Amino acid sequence: MYTNQFTGFGPQLRRLKKEFHGHHPFFKEFRRPKYNVPINIIENENEFEVHVFASGFTRDDIKITVANDVLLISGAKTLPEDYKPNFSRQEFPIKSFERSLALNNKVDAASIAARHENGVLIITLPKNEEAKTQEKVIEVM
């Protein structure tokens, strides 16, 4: 029989969180991650394009915000109370998801645009002037 050497780590983490909550930065900001959806990021000369594969989520289910130079993409939908899937394996969310991307001061946040096509959310992040600067080759001496 296979046993996982890490079995029981969850209760230990909960005990530590309870014990140190408010006293250590890790536990102050600790939160259980939501389901993530896969993304692709394409970099062009003038923009970044983020493709979020949010299958089953409509454009009305999705919220995009920018705060503190972080792009937050989330989706949530209400399922019927009697909906009880019997997954033998689940690899994508059916109720909610959340993704965040640091913009690293490279994006003109006021010009961000988004569209929804065939279950794929496409977010266009125009580069700011600093991010458009040409690559500089440094000679090694």
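The values are calculated or read from the model by the stated rules, or taken from the named source; none is laboratory data. Keep in mind that what you see is a predicted model, and the values were worked out from it rather than measured. All Cβ positions, glycine included, derive from the backbone under ideal geometry; neighbour counts span all protein chains shown.
Only one of the numbered conditions (1) outside any loop (DSSP other than H, G, I, E, B); (2) surrounded by fewer than 15 Cβ atoms within 10 Å (Cβ to Cβ); (3) modelled with pLDDT under 85 is not met by Ala131, and that is (2). Applying the selection to segment 59-77, what residues are closer than 21 Å to Ile41 by Cα and part of a strand (DSSP E or B)? The answer is Ile62, Lys63, Ile64, Thr65, Val66, Ala67, Val70, Leu71, Leu72, Ile73, Ser74, Gly75. Please identify the pairs in which a residue from segment 26-49 that is over 18 Å from Leu101 (Cα atoms) and of a type in the set (A, V, I, L, M, F, W, C) has its Cβ atom under 8 Å from the Cβ atom of a residue that is surrounded by fewer than 13 Cβ atoms within 10 Å (Cβ to Cβ) and modelled with pLDDT of 50 or more, counting only partners at least 6 apart or on another chain. Short answer, once both residue conditions are applied: Phe27/His21. Against the conditions (1) assigned to a loop (DSSP other than H, G, I, E, B); (2) in contact with a Phe, Trp or Tyr (Cβ under 8 Å, 6 or more places away or on another chain), Pro80 satisfies every one except (2). Within segment 96-115, the set of residues being part of a loop (DSSP other than H, G, I, E, B) and more than 15 Å from the chain's Cα centre (by Cα) comprises Asn104, Asn105, Lys106, Asp108, Ile112.
Filtering segment 67-84 for residues that are surrounded by fewer than 17 Cβ atoms within 10 Å (Cβ to Cβ), within 16 Å of Pro126 (Cα to Cα), in contact with a Leu (Cβ under 7 Å, 6 or more places away or on another chain) and of a type outside the set (Asp, Glu) leaves a non-empty set.
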